Amino acid sequence: MTAGVDLGRPQAQAIGSDEDVVRVRQLVRTVAVAVKLSLVDQTKLVTAASELARNTLIYGGGGSAEVTAVEDGRRRGVRIVFADSGPGISDLALALTDGYTTGGGLGLGLSGARRLVDDFDLKSAVGEGTRVTITKWSR
């Protein structure tokens, strides 16, 4: 157990407010430190998680994040699953294009988060919600 976090099981955090986005960032940082990601990789992962948590809140109407310490036999990492039951994304390819936004931002949230992590998986269905899974591995 590290700083109140049981690395042996997924850690869930509801996302329903700006304060919850901060809690996601803190949880991700705690798990990233515990699995010994480098400071650079910690920063990349926390930045990606912050963007995705904010998207979950703003575009998905809230949802959850599940943070898990993972191993693949050679290395350790952190996997985060963001899920919402919002309106979904009708055109995934367009949503992942730099500069595309439906909210007036810079349009770098999804595409930027994808560049910051090692594994990125986006599933969405209109009217059903969105699920984004990211993983950052130790080097």
Matching entry among ASP91, ASP41, ASP84 (being within 15 Å of LYS123 (Cα to Cα), among the acidic types (Asp, Glu) and surrounded by 20 or more Cβ atoms within 10 Å (Cβ to Cβ)): ASP84
Spans of strands (runs of 3 or more DSSP E) in segment 35-139 with at least 3 residues closer than 21 Å to SER17 by Cα: 63-71, 76-84, 129-137
All positions within segment 69-84 that are at pLDDT 95 or above, more than 15 Å from SER38 (Cα to Cα) and charged (D, E, K, R): ARG79, ASP84
Meets criteria (of a type in the set (Lys, Arg), closer than 19 Å to ARG114 by Cα and under 13 Å from the mean Cα position of the chain (by Cα)) for ARG23: no
Test set (1) over 17 Å from LYS123 (Cα atoms); (2) among the acidic types (Asp, Glu); (3) modelled with pLDDT of 90 or more - ASP98 fails condition number: (3)
The one condition in (1) in contact (Cβ under 8 Å) with a residue 60 or more places away in the chain; (2) closer than 20 Å to LEU110 by Cα that VAL35 fails to fulfil: (2)
Yes/no for VAL81 being of a type in the set (Val, Ile, Thr), under 23 Å from ARG139 (Cα atoms) and touching an Asp or Glu at 6+ places or on another chain (Cβ under 7 Å): yes
Residues satisfying the stated conditions in segment 16-29, i.e. surrounded by 17 or more Cβ atoms within 10 Å (Cβ to Cβ) and either touching a strand residue (DSSP E or B) at 6+ places or on another chain (Cβ under 7 Å) or not in a helix (DSSP H, G or I) (or both): ASP20, VAL21, VAL24, LEU27, VAL28
Close pairs from segment 38-49: first closer than 18 Å to ARG75 by Cα and among the polar types (S, T, N, Q), partner at pLDDT 95 or above and part of a helix (DSSP H, G or I), Cβ under 9 Å, at least 6 apart: GLN42/VAL28; GLN42/ARG29; GLN42/ALA32; GLN42/VAL33
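The values are calculated or read from the model by the stated rules, or taken from the named source; none is laboratory data. These numbers were taken from a predicted model, which means no experiment stands behind them. Virtual Cβ from ideal backbone geometry, glycine too; neighbours counted across all protein chains shown.
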